[in-house]
1. Going by the conditions given, is E259 touching a strand residue (DSSP E or B) at 6+ places or on another chain (Cβ under 8 Å), of a type in the set (D, E) and either closer than 14 Å to I189 by Cβ or surrounded by 15 or more Cβ atoms within 10 Å (Cβ to Cβ) (or both)?
2. Among the numbered conditions (1) surrounded by fewer than 17 Cβ atoms within 10 Å (Cβ to Cβ); (2) in contact (Cβ under 8 Å) with a residue 24 or more places away in the chain; (3) β-branched (V, I, T), tell me where T104 comes up short.
3. Report yes if D188 is closer than 30 Å to A207 by Cβ, charged (D, E, K, R) and buried (at least 22 other Cβ atoms within 10 Å of the Cβ), otherwise no.
4. Could you tell me whether any residue of the stretch 83-91 is among the charged types (D, E, K, R) and assigned to a helix (DSSP H, G or I)?
5. From the list L261, L235, which residue is in a helix (DSSP H, G or I), modelled with pLDDT of 95 or more and within 16 Å of D175 (Cα to Cα)?
6. Could you please let me know if E21 is surrounded by 16 or more Cβ atoms within 10 Å (Cβ to Cβ), among the acidic types (D, E) and in a helix (DSSP H, G or I)?
7. Among the residues of the stretch 1-18, how many are farther than 24 Å from V272 by Cα, outside any loop (DSSP other than H, G, I, E, B) and not small (G, A, S)?
8. Just the residues that are among the polar types (S, T, N, Q) and within 20 Å of V57 (Cα to Cα), please, taken from the stretch 244-262.
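The values are calculated or read from the model by the stated rules, or taken from the named source; none is laboratory data. Just so we're clear, the structure is a prediction, and the values are computed from it rather than from any experiment. Neighbour counts run over all protein chains shown; Cβ positions are idealised from the backbone, glycine included.
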Amino acid sequence: MLRGLSSAGLGALKNSRQLVELAAANGFQSVDLDAFAFVQELGVEEARKLLTEHKLVIGSIGLPVEWRQTEEKFQQGLTKLAEHAAAAAALGCTRCCTYILPATDYKAAHFMALATRRLKLCAQLLGAYGIRLGLEFVGPHHLRSLWANPFIWTMEETLDWIGAIGEPNVGLLLDAYHWYTNELSAADIEALRADQIVHVHINDAPALPIDEVLDNGRLYPGEGVIDLACFLQALVKIGYDGFITQEVLTAEQPKDSPEQLAQRSKAAFDRVFAKAGI
């Protein structure tokens, strides 16, 4: 498995170049970033050169399409998706991810029909560029009632939805935080095939009752109560060999410098991977 960094948990980064440099300096193998902005900033050749020189690849990009709101916003985003996919493909990136909010102000059945069509279109376009689409179920309890109607927040429901979308390049983004807040176990991961997982996020949770854990209250890997050794060992057992990317979302931006936070992230990965025997 490849250790990855995203900007989430690194504080006030200047730009994507700094993310790449910090990841390389601390022994990471991949970065999650906005490939389109990266190419706009540096140009394709310079962006490729920077990644190659630092022995890094792009783990995933975010889906630049707002599929959760109005049809107008969806269509506006869809027109940009080909540009983003082309930029990602030009840099060798083969994964794109988006999250599923666990509730919606739309009627749930109507929203399911809209969202299935929309994500199917996104998957088809991404597939033309050799890119997979990962769907992330979101587990924290406080988000389940933040909007009018409950939607999807479990792995089982997400897998069923992936089946309904029906595109071969769609799979799971499995996040340790959402695995934990859904009270899942190693057995739930071991029931998956490795090819059902597009991407993985790693982070940790504070020692609170599970129904009080907030989405933006995350800790660095190994600094909380999630059994990350169990999580990683289950992924190894099913043969997952993709990216494990840190995503630490907090209510306030960390006060430490990006350099300090990258070092903290390296120490966190070293700790949990060692405990898992990887």
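1. Numbers: touching a strand residue (DSSP E or B) at 6+ places or on another chain (Cβ under 8 Å): no; of a type in the set (D, E): yes; either closer than 14 Å to I189 by Cβ or surrounded by 15 or more Cβ atoms within 10 Å (Cβ to Cβ) (or both): yes.
It is false that E259 is touching a strand residue (DSSP E or B) at 6+ places or on another chain (Cβ under 8 Å), of a type in the set (D, E) and either closer than 14 Å to I189 by Cβ or surrounded by 15 or more Cβ atoms within 10 Å (Cβ to Cβ) (or both).
2. Among (1) surrounded by fewer than 17 Cβ atoms within 10 Å (Cβ to Cβ); (2) in contact (Cβ under 8 Å) with a residue 24 or more places away in the chain; (3) β-branched (V, I, T), the lone unmet condition for T104 is (1).
3. Values: closer than 30 Å to A207 by Cβ: yes; charged (D, E, K, R): yes; buried (at least 22 other Cβ atoms within 10 Å of the Cβ): no.
So D188 does not fit the description; no.
4. Looking only at the stretch 83-91, we keep the residues that are among the charged types (D, E, K, R), and these are 83.
Add one more test, that the residue is assigned to a helix (DSSP H, G or I), and what stays is 83.
Within the stretch 83-91, one or more residues are among the charged types (D, E, K, R) and assigned to a helix (DSSP H, G or I).
5. Details: L261 fails: within 16 Å of D175 (Cα to Cα).
After applying the criteria, what remains is L235.
6. Values: surrounded by 16 or more Cβ atoms within 10 Å (Cβ to Cβ): yes; among the acidic types (D, E): yes; in a helix (DSSP H, G or I): yes.
Yes.
7. Taking the stretch 1-18 as the starting set, the residues that turn out to be farther than 24 Å from V272 by Cα are 12-18.
In the following step, the residues that additionally are outside any loop (DSSP other than H, G, I, E, B) were identified as 16-18.
Among the residues that remain, those that are also not small (G, A, S) are: 17-18.
Total meeting the criteria: 2.
8. So the first thing to find is which residues in the stretch 244-262 are among the polar types (S, T, N, Q), and the list is 245-246, 250, 253, 257, 260.
Result: T245, Q246.
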